[in-house]
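One structure is given below, encoded as structure tokens.
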Amino acid sequence: MPLSEQEQRLLDEMERHLMRNEADVVSAPREGQSLSYRNIVYGALLVLLSLGGLIVGVSTGIIAIGVVAFVVMVGGVVLALTPARNGTVGRSAGTAGTRKPSNSSANFMDRMNERWDRRNGER
């Protein structure tokens, strides 16, 4: 069943309002708050290795091995969730400078909003 003209106008108005206010809701991560893939990988490896140590400690009955493995596991989780210091997403410190500079100064959401506006303006 097709929408009436009034319903279509109301839907279009709601859509425009959502697109205008979307920038307030969705924001890019600030510098220093993005996760580093390197930290995630190292943290996951620490968690897996310490899980093995925890199993060995429990199976042999030596509580000290289990406790140390658990502490290392918590450290691995903390390392994995630690934000990168240089603000690069998904790059280790050695590859941060190899990214090509963007030819436009607008961020991703601004470019998407411009494309959306151009598309709606053509209708």
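The numbers here are math on the coordinates, done by the rules we state, and not lab data. Since the structure is predicted, the reported quantities are computational estimates derived from the model, not experimental observations. FYI the Cβ positions are ideal-geometry reconstructions off the backbone, even for glycines, and counts take in every protein chain you see.
When ranked by the protection proxy of mean other Cβ atoms within 10 Å per residue, highest first, what sequence do the peptides 1-9, 61-69, 74-82 form? It would help to have the intermediate numbers written out before the result.
Working: 1-9: 8.4, 61-69: 13.3, 74-82: 15.0.
The most tightly packed comes first, giving 74-82, 61-69, 1-9.
Near the amide H of Leu35, within less than 5 Å, lie the amide hydrogens of Ala84, all on another chain or at least 5 residues away, with H placed in the peptide plane.
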